[in-house]
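J.: Dropping the structure in here first, questions after.
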Amino acid sequence: MRPKRMSRRIALALGTALLMSAATPSAAQPSPRTNFPSLQLIVTESAIEQIRSPESEFVIIDELPGFVAAVGGAFEIQVNRLDDGSTSVQQVTRLADGSIGERRRLPRWTVADWTQGLDAFFRVRVTDASGTEIHAAAIPFCPLSAERFRIDDTGPPLPTYPYGCSETELTVGMAWGIDTGWSSRAPDSIFVGTDVPDGTYRLDIEISRRYRDLFRIPADRARASLSVEIVTGVIDGPVGDPAGTERSVGDIHGLPAQTALPPSVSPDASGLPDLIALPPFNIFMAGPDDPGSEGVDAIIFAANVWNGGDGPLVVEGFRQPGEAVMDAYQYLYENGSIVGKELVGELEYDPIEGHRHWHFRDFAQYRIIDDAGNEVAVSGKEAFCLMPTDPVDLTIPNAEWRVWDSGLATSCGSFGAIWIREILQVGWGDTYYQGVPGQWIEITDVPNGEYLLEVATNTDGRLAELRDDNNVATTRILLGGEPGARTVEVVNG
């Protein structure tokens, strides 16, 4: 089993905050609202499961698969504290050079508490099977959620607005915003309360009527409903994930992802990654009674593929309406800037215990071959959540010394994710431990003898890289023993 990861790691680096205009808020004049960007609600799942701890009576519906995206450009709100202690709220637009184009005053009721964002932005309602309301609430919305997701690549590759709706006694002005092509998770969670029995409920989410009017949001882009099954039990894996069940994907509310860059380019060698397979290690045998082998003789091992190239391997997945998979694009970088992209496959959600996150398909292959190159046995593991788990060589040119500060962070994502960015930075490798069901290699019917345990990456050549003559690595092994008590040894030399 590979090292445990955070299910919801969003480690994107902070972008530089947009400059505040020198104009005084009180001098702003209302502008026609049709000129200003708007918002839309996007929900990616039609049904989720919520597990309640046996020790708790209350229910919190957490990690909702809901997102609010900017429409028609970057959505920006500026909040200022005036001399009399009141609050000024304005929506602004930006010109191509970053300067403010237009301003319009917004009603003061939009912001009651700076730490919460837009006041009573959502209205939520939970009903049981008979239609009886068991919960209703108004919920604020902070556009600066720590969890922000691309819905397409029409905007910047990283968020440019600050993180978090916050203030101190010194704060006199804040900029809240959602970049073009980006969304913010919302609402993140709903506290339903006590005395709610296990069962299936309907959750209705909508952007409040006054905000729909204020930002001219069509009703069909402001409302969504989903089924929530509340179950009392032990929490195992990300909340909201109906693990072990068939995906229930309804109509995703919102617009299909757009692609601003050419779908295919002929990359120059500069800035490309170089995927290098390392020989398998930590090899041992699991018998029928051992955890992870599921009643068979199986080889468990560790495998690493690392990036020894000139630039990062960056794969981003964009989810299309009504789909349970994401279109995966490799983004090509040169001197820190995107110079192109290629469609390289799909990302899929893996509900198996020990995973429960999104994987990039066909990244690597593990198998046992004989000396003639014939395949003897193969692992079912071919999909991966790419992450820099191990520094392999940080002395090579362009190696990233602080991967989480590079602005290119990995997100394996949760069940309802709308977008994924997976990264393997220069100098770093991603180690998988083949102790999770579906990853080990069964050798129950493989005769005793010497074989090669092989790791191969980018076998179909979909990913653009500097070279492919280092994509395969092997370790020679000797299989012995009897069924139920097989042995494995590493053969040196």
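The values are calculated or read from the model by the stated rules, or taken from the named source; none is laboratory data. Computed from a predicted structure; not experimentally measured. When we count neighbours, we look across all protein chains shown, and the Cβ atoms used for this are built from the backbone with ideal geometry, even at glycine. Quick note on the areas: whole protein, heavy atoms, side chains included, nothing else; ligands and nucleic acids left out. Shrake-Rupley method; radii C 1.70, N 1.55, O 1.52, S 1.80 Å.
J.: Need at least 3 residues that are under 28 Å from Gly413 (Cβ atoms) per element, so show me which strands (runs of 3 or more DSSP E) inside the range 36-102 make the cut, counting only ones lying wholly within it.
T.: 38-43, 47-52, 59-62, 66-71, 75-81
J.: Within the range 455-466, can one find any residue that is assigned to a strand (DSSP E or B) and of a type in the set (S, T, N, Q)? Don't jump to the end; show me each part of the working.
T.: Taking the range 455-466 first, the residues assigned to a strand (DSSP E or B) are 455-457.
Next, from what is left, pick out any that are of a type in the set (S, T, N, Q): 457.
For the range 455-466, residues assigned to a strand (DSSP E or B) and of a type in the set (S, T, N, Q): present.
J.: If I go through the range 78-97 residue by residue, how many of them are over 15 Å from Trp176 (Cα atoms), out of contact with any Ser or Thr (no Cβ under 8 Å at 6 or more places or on another chain) and either in contact (Cβ under 8 Å) with a residue 40 or more places away in the chain or among the aromatic types (Phe, Trp, Tyr) (or both)?
T.: First pass over the range 78-97, keeping only residues over 15 Å from Trp176 (Cα atoms): 82-86, 95-97.
So of that shortlist, the ones also out of contact with any Ser or Thr (no Cβ under 8 Å at 6 or more places or on another chain) come out as 83-86, 95-97.
Then drop every residue that is not either in contact (Cβ under 8 Å) with a residue 40 or more places away in the chain or among the aromatic types (Phe, Trp, Tyr) (or both), which leaves none.
Looking only at that region, the number is 0.
J.: Considering only the range 436-476, state which residues are closer than 26 Å to Val344 by Cβ and among the acidic types (Asp, Glu).
T.: Glu454, Asp460, Glu465, Asp468, Asp469
J.: So which residues in the range 293-313 are more than 18 Å from Phe363 (Cα to Cα), of a type outside the set (A, V, I, L, M) and open to solvent by less than 10 Å² (accessible area, probe 1.4 Å), if there are any at all?
T.: First pass over the range 293-313, keeping only residues more than 18 Å from Phe363 (Cα to Cα): 293-300, 310.
Still in the list and also of a type outside the set (A, V, I, L, M): 293-295, 297, 310.
Scanning the range 293-313 gives Ser293, Asp297.
J.: Whether any residue in the range 114-122 is over 30 Å from Arg319 (Cβ atoms) and in contact (Cβ under 8 Å) with a residue 60 or more places away in the chain is what I want to check.
T.: Looking for residues that are over 30 Å from Arg319 (Cβ atoms) and in contact (Cβ under 8 Å) with a residue 60 or more places away in the chain, one finds at least one in the range 114-122, hence yes.
J.: Further, regarding this structure: Of all residues in the range 357-374, how many are outside any strand (DSSP E or B) and either surrounded by fewer than 17 Cβ atoms within 10 Å (Cβ to Cβ) or in contact with a Lys or Arg (Cβ under 9 Å, 6 or more places away or on another chain) (or both)? Give the derivation first.
T.: From the range 357-374, those outside any strand (DSSP E or B) are 361-363, 370-374; that's our starting set.
Then keep just the ones that are either surrounded by fewer than 17 Cβ atoms within 10 Å (Cβ to Cβ) or in contact with a Lys or Arg (Cβ under 9 Å, 6 or more places away or on another chain) (or both); that gives 361-362, 370-374.
Number satisfying all stated conditions: 7.
J.: When you scan the range 174-223, how many residues do you find that are of a type in the set (D, E, K, R) and either without any contact (Cβ under 8 Å) to a residue 12 or more places away in the chain or in a helix (DSSP H, G or I) (or both)?
T.: 6
J.: Can you tell me which of Ala269, Ala243, Ala260 is out of contact with any strand residue (DSSP E or B) (no Cβ under 6 Å at 6 or more places or on another chain), part of a loop (DSSP other than H, G, I, E, B), at pLDDT below 50 and open to solvent by 50 Å² or more (accessible area, probe 1.4 Å)?
T.: On the way: Ala269 fails: at pLDDT below 50; Ala243 fails: open to solvent by 50 Å² or more (accessible area, probe 1.4 Å).
Unique residue meeting the criteria: Ala260.
J.: Any residue at all in the range 479-487 that is open to solvent by less than 10 Å² (accessible area, probe 1.4 Å), at pLDDT 90 or above, out of contact with any Phe, Trp or Tyr (no Cβ under 6 Å at 6 or more places or on another chain) and assigned to a strand (DSSP E or B)? Quick ask: steps written out before the conclusion?
T.: Taking the range 479-487 first, the residues open to solvent by less than 10 Å² (accessible area, probe 1.4 Å) are 479.
In the following step, the residues that additionally are at pLDDT 90 or above were identified as 479.
Those left that are additionally out of contact with any Phe, Trp or Tyr (no Cβ under 6 Å at 6 or more places or on another chain): 479.
When the remaining residues are screened for being assigned to a strand (DSSP E or B), the result is 479.
Checking the range 479-487: at least one residue is open to solvent by less than 10 Å² (accessible area, probe 1.4 Å), at pLDDT 90 or above, out of contact with any Phe, Trp or Tyr (no Cβ under 6 Å at 6 or more places or on another chain) and assigned to a strand (DSSP E or B).
J.: Follow-up. Could you say which residue among Ala129, Ala146 is modelled with pLDDT of 90 or more, open to solvent by 40 Å² or more (accessible area, probe 1.4 Å), touching a Phe, Trp or Tyr at 6+ places or on another chain (Cβ under 9 Å) and in a loop (DSSP other than H, G, I, E, B)? Outline the logic, then answer.
T.: On the way: Ala146 fails: modelled with pLDDT of 90 or more.
Checking each option against the conditions leaves just Ala129.
J.: With Gly66, Gly73 as the choices, which residue is open to solvent by less than 10 Å² (accessible area, probe 1.4 Å), in contact (Cβ under 8 Å) with a residue 60 or more places away in the chain and of a type in the set (Gly, Ala, Ser)? Steps first, please.
T.: Working: Gly73 fails: open to solvent by less than 10 Å² (accessible area, probe 1.4 Å).
From the options Gly66, Gly73, the qualifying one is Gly66.
J.: Pick from the range 429-467 the residues that are open to solvent by 60 Å² or more (accessible area, probe 1.4 Å) and modelled with pLDDT of 95 or more: which of them is nearest to Val392 (Cα to Cα)? Outline the logic, then answer.
T.: Start the filter on the range 429-467 by keeping residues that are open to solvent by 60 Å² or more (accessible area, probe 1.4 Å), which leaves 433, 442, 445, 447-448, 450, 459-460, 462, 466-467.
From what's left, modelled with pLDDT of 95 or more: 447-448, 450.
Values: Pro447: 35, Asn448: 34, Glu450: 29 Å.
Ranking the qualifying residues of the range 429-467, first place goes to Glu450.
J.: Kindly provide the set of residues from the range 95-116 that are in contact with a strand residue (DSSP E or B) (Cβ under 8 Å, 6 or more places away or on another chain) and charged (D, E, K, R), ordered by number. Give the derivation first.
T.: So in the range 95-116, the residues in contact with a strand residue (DSSP E or B) (Cβ under 8 Å, 6 or more places away or on another chain) come out as 95, 100-114, 116.
Selection gives Glu102, Arg103, Arg104, Arg105, Arg108, Asp113.
J.: When you scan the range 154-170, do you find a residue that is in a helix (DSSP H, G or I), open to solvent by 30 Å² or more (accessible area, probe 1.4 Å), closer than 30 Å to Tyr329 by Cβ and of a type outside the set (A, V, I, L, M), even just one? Before you say what the answer is, go through the steps one by one.
T.: Within the range 154-170, the first condition is being in a helix (DSSP H, G or I), and the residues that meet it are none.
No, because not a single residue in the range 154-170 is in a helix (DSSP H, G or I), open to solvent by 30 Å² or more (accessible area, probe 1.4 Å), closer than 30 Å to Tyr329 by Cβ and of a type outside the set (A, V, I, L, M).
J.: Just to be sure before I move on: is Ala417 under 22 Å from Leu158 (Cβ atoms) and either of a type in the set (Asp, Glu) or at pLDDT below 95 (or both) in the structure I sent?
T.: Details: under 22 Å from Leu158 (Cβ atoms): yes; either of a type in the set (Asp, Glu) or at pLDDT below 95 (or both): yes.
For Ala417, the condition - under 22 Å from Leu158 (Cβ atoms) and either of a type in the set (Asp, Glu) or at pLDDT below 95 (or both) - is met.
J.: OK, next. Which of the following residues is within 28 Å of Ala47 (Cβ to Cβ) and in contact with a Cys (Cβ under 6 Å, 6 or more places away or on another chain): Cys165, Cys142? Spell out the reasoning first.
T.: Values: Cys165 fails: within 28 Å of Ala47 (Cβ to Cβ).
So the residue among Cys165, Cys142 that is within 28 Å of Ala47 (Cβ to Cβ) and in contact with a Cys (Cβ under 6 Å, 6 or more places away or on another chain) is Cys142.
J.: The conditions are (1) open to solvent by less than 40 Å² (accessible area, probe 1.4 Å); (2) of a type outside the set (Lys, Arg); (3) touching a Lys or Arg at 6+ places or on another chain (Cβ under 6 Å), and Ala137 fails exactly one of them. Which is it?
T.: Going through (1) open to solvent by less than 40 Å² (accessible area, probe 1.4 Å); (2) of a type outside the set (Lys, Arg); (3) touching a Lys or Arg at 6+ places or on another chain (Cβ under 6 Å) one by one, Ala137 breaks only (3).
J.: What do you reckon, is Arg123 open to solvent by 40 Å² or more (accessible area, probe 1.4 Å), over 27 Å from the mean Cα position of the chain (by Cα) and over 18 Å from Val71 (Cα atoms)?
T.: On the way: open to solvent by 40 Å² or more (accessible area, probe 1.4 Å): yes; over 27 Å from the mean Cα position of the chain (by Cα): no; over 18 Å from Val71 (Cα atoms): yes.
Criteria not met by Arg123.
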